[in-house]
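Undergrad: Here you go, one structure.
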Amino acid sequence: KAAELIDESTVPQKDFHAKWERFNRLWLMVMKMTIFEHLFGGLPDTNNAREFFTAIGQRYQLSSTFETRSLISELTCMRYDGMGCVREYILKLVSLKSKL
C-alpha cells in the first residue's frame, strides 16, 4: 500500500499516491466484475485490491483441491453402461477432463 499522505508530502509522492489509488480502485473493480456474485459470500469487504486477492486465494485453495479429487474420482469411476449415446459419454469425459 502506498504511504499515507501528510501535509509535508512532496509533489512526486502525491502523484504516486494518486496513481496507486487509481490502480487499486480499477484492479479491485476488475476482480469484482469477473467473479460471480454468489461467490462473494464470506469475502471481506475491503478497498484494498491486494487484501481482496489474498482472501480469494485463501478461500478457494482448499476447495480447488477437493474439486480436483472429486473430478478425478468421477473420471476414473465412469463406465459406459451400453445405454444411451456413445457420443454423449465421450463428451462428458472430455468435459470432466477439461475441468481438471
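Undergrad: Can you tell me the 0 to 90 degree angle between the C-alpha axis of helix 11-34 and the longest principal axis of the chain, rounded to 10?
TA: For helix 11-34, the angle is close to 20 degrees.
Undergrad: Using a 10 Å cut-off on Cβ atoms, rank the peptides 12-23, 35-46 from the highest mean neighbour count down.
TA: 12-23, 35-46
Undergrad: Let's see if you can work this out: charge +1 on each Lys and Arg Cβ, -1 on each Asp and Glu Cβ, no other charges. What is the dipole magnitude of the chain about its Cα centre, in debye to the nearest 20?
TA: Around 500 debye, computed over the chain.
Undergrad: Still on this structure, I have one more. Suppose each label sits 7 Å from its Cα in the direction of the beta carbon; what would the residue 29-residue 99 distance come out to in nanometres?
TA: Placing both labels 7 Å beyond Cα along the Cβ direction yields 3.4 nm.
Undergrad: Separate question: In debye, nearest 20, what is the charge dipole magnitude of the stretch 5-53 about its Cα centre with +1 on Lys and Arg Cβ and -1 on Asp and Glu Cβ, if you could check?
TA: Charge dipole, the stretch 5-53, about its Cα centre: 200 debye, nearest 20.
Undergrad: To the nearest whole percent, what portion of all C-alpha pairs in the stretch 11-99 is separated by more than 23 angstrom?
TA: Of the Cα pairs, 52 percent sit more than 23 Å apart.
Undergrad: Along Cα→Cβ, 7 Å out, is where each label goes; now give me the distance between the ones at residue 68 and residue 86 in nm to one decimal.
TA: Label-label distance for residue 68 and residue 86, simple model: 3.3 nm.
Undergrad: Using only DSSP helix segments of four residues or longer, with each worth -39500 (n - 2.57), what per-residue ellipticity at 222 nm results for the chain after dividing by its residue count and rounding to 500?
TA: -23500 deg cm²/dmol
Undergrad: Still on this structure: Can you give me the relative contact order of the chain as a percent, contacts being Cα pairs under 8 Å and 6 or more apart?
TA: Computed value for the chain: 18 percent relative contact order.
Undergrad: Nearest 10 degrees is fine. How inclined is helix 86-99 to the longest principal axis of the chain, computing both from alpha carbons?
TA: Once rounded, the angle reads 30 degrees.
Undergrad: Now for a separate question. Taking the 0 to 90 degree range and rounding to the nearest ten, how far is the long axis of helix 49-77 tilted relative to the main principal axis of the chain, both from C-alpha atoms?
TA: Between the helix axis and the principal axis of the chain, the angle is about 10 degrees.
Undergrad: How would you rank 86-98, 48-60, highest first, on the average number of other Cβ atoms within 10 Å across their residues?
TA: 48-60, 86-98
Undergrad: What is the sum of charges, Lys and Arg at +1 and Asp and Glu at -1, for the other residues whose Cβ falls under 14 Å from the Cβ of residue 94?
TA: Net of charged neighbours comes to +2.
Undergrad: Mind checking the full-extension length gain between residue 14 and residue 77? Use 0.36 nm per residue of separation minus the Cα-Cα distance, one decimal, nm.
TA: Net length gain for the segment: 16.7 nm.
Undergrad: Next question. Out of 83, 95, 43, whose Cα points farthest toward the positive end of the dipole of the stretch 11-99 (charges: +1 Lys, Arg; -1 Asp, Glu; placed on Cβ)?
TA: Selected residue: 95.
Laboratory data are not the source of any read-out in this text; all were calculated from the coordinates shown. Predicted model only: the values in this text are computed from it and were never measured. Cβ coordinates were reconstructed from backbone atoms using ideal geometry, including for glycine residues, and neighbour counts include every protein chain displayed.
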